[in-house]
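Peer 1: Quick one: structure below, then a few questions.
The values are calculated or read from the model by the stated rules, or taken from the named source; none is laboratory data. Predicted model, so just to flag it, every value in this text is computed and none were measured. Please note: Cβ atoms are built from the backbone with ideal geometry, for glycine as well, and neighbour counts cover all protein chains shown.
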Amino acid sequence: MDKSGEKGIPLKDQLWYGKALRWAPAALVLFFIYQAVLSDRLDSWVHQETFQYSKTQRMDAKVSSTLRAAAFLCGYRVLVGHVFWIKVIQYYGDVENSVDRYIKLYDYCSLASDLNPQFVSIYTYGATALAFHLHRIDEATMLLEKGIRSNPRADRLKYLLAAIGYQHTERYDLIIPVLEEEANRPDAPPILVNILANTYKKVGRYNDAIKLWKKILTNAQTNDLKIEAARKLQELYGMKPNNGTNP
């Protein structure tokens, strides 16, 4: 005969609920401690290391595996991926990390894409910075190829890969349309817009470069970027008398 407690709930279930309620506060405390430890380790992993160690140890494997395991086990892989992606953007936005030329950028983008493979901006942002800013073509190519495998219908990744391939041949007539399309997207990274403006200047399209640098100056969120935009505009205005028209 089944033993039932209150409201017809089996006694064994009531006992299980009782144990769960007793252990809930302790479990909650442990969860927050775990979150704090993971957060601290993640922050120290993404933050700039001393110059002596950054080139010999590009990634903390323990933190990488911990983050992956936590993301998959808790069922919030995409959410964790987005949170980590913010850290990656902060890493690339920190000028102190330029000391070693953002040596960890590819590793961070690769991990972010593992957590959220369908987030196309990871590949476009990372590849643009790696190829056009840092001139690490091989890493940019690997990241885009990985993105294409995960997002075979994302043509923008294929076009960007082609543009990077044409970079060495200086086929700016093929590169510029791709950069223009990417720069007009709402999620376009600022570095891509800067690269397009510099490319305009390189091919003699000074009016287009001025227009873009004015836009960058207006929308700049940091003083460093405002100073750079003002300097570029001053330089371009000095060149315009001899080169006043776009080709």
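Peer 1: Given (1) under 22 Å from residue 138 (Cα atoms); (2) among the hydroxyl-bearing types (Ser, Thr, Tyr); (3) loosely packed, with under 14 Cβ neighbours inside 10 Å; (4) under 22 Å from the mean Cα position of the chain (by Cα), where does residue 169 come up short, assuming only one miss?
Peer 2: Single failed check for residue 169: (4).
Peer 1: While we're on this one: Any chance the stretch 111-125 includes a residue that's over 17 Å from residue 188 (Cα atoms) and free of Cβ contacts under 8 Å to residues at least 12 places away in the same chain?
Peer 2: no
Peer 1: Residue 179 - would you say it is modelled with pLDDT of 90 or more and closer than 21 Å to residue 89 by Cα? Write out each step before concluding.
Peer 2: Details: modelled with pLDDT of 90 or more: no; closer than 21 Å to residue 89 by Cα: yes.
Spelling it out, it is not the case that residue 179 is modelled with pLDDT of 90 or more and closer than 21 Å to residue 89 by Cα.
Peer 1: Additional query: Without any contact (Cβ under 8 Å) to a residue 12 or more places away in the chain, among the hydroxyl-bearing types (Ser, Thr, Tyr) and in a helix (DSSP H, G or I) - does that describe any residue in the stretch 209-226?
Peer 2: Within the stretch 209-226 (the criterion being without any contact (Cβ under 8 Å) to a residue 12 or more places away in the chain, among the hydroxyl-bearing types (Ser, Thr, Tyr) and in a helix (DSSP H, G or I)), the answer is yes, since at least one residue qualifies.
Peer 1: Another question, then. Given the structure, is residue 155 without any contact (Cβ under 8 Å) to a residue 40 or more places away in the chain, surrounded by fewer than 17 Cβ atoms within 10 Å (Cβ to Cβ) and closer than 30 Å to residue 239 by Cα? Outline the logic, then answer.
Peer 2: On the way: without any contact (Cβ under 8 Å) to a residue 40 or more places away in the chain: yes; surrounded by fewer than 17 Cβ atoms within 10 Å (Cβ to Cβ): yes; closer than 30 Å to residue 239 by Cα: no.
Against the criterion (without any contact (Cβ under 8 Å) to a residue 40 or more places away in the chain, surrounded by fewer than 17 Cβ atoms within 10 Å (Cβ to Cβ) and closer than 30 Å to residue 239 by Cα), residue 155 does not qualify.
Peer 1: Any residue at all in the stretch 94-108 that is in contact with a Leu (Cβ under 9 Å, 6 or more places away or on another chain), closer than 23 Å to residue 184 by Cβ, hydrophobic (A, V, I, L, M, F, W, C) and crowded, with 22+ Cβ neighbours inside 10 Å?
Peer 2: Within the stretch 94-108, the first condition is being in contact with a Leu (Cβ under 9 Å, 6 or more places away or on another chain), and the residues that meet it are 97, 101-102, 105-106.
Applying the additional criterion that residues be closer than 23 Å to residue 184 by Cβ yields none.
Taking every residue of the stretch 94-108 in turn, none turns out to be in contact with a Leu (Cβ under 9 Å, 6 or more places away or on another chain), closer than 23 Å to residue 184 by Cβ, hydrophobic (A, V, I, L, M, F, W, C) and crowded, with 22+ Cβ neighbours inside 10 Å.
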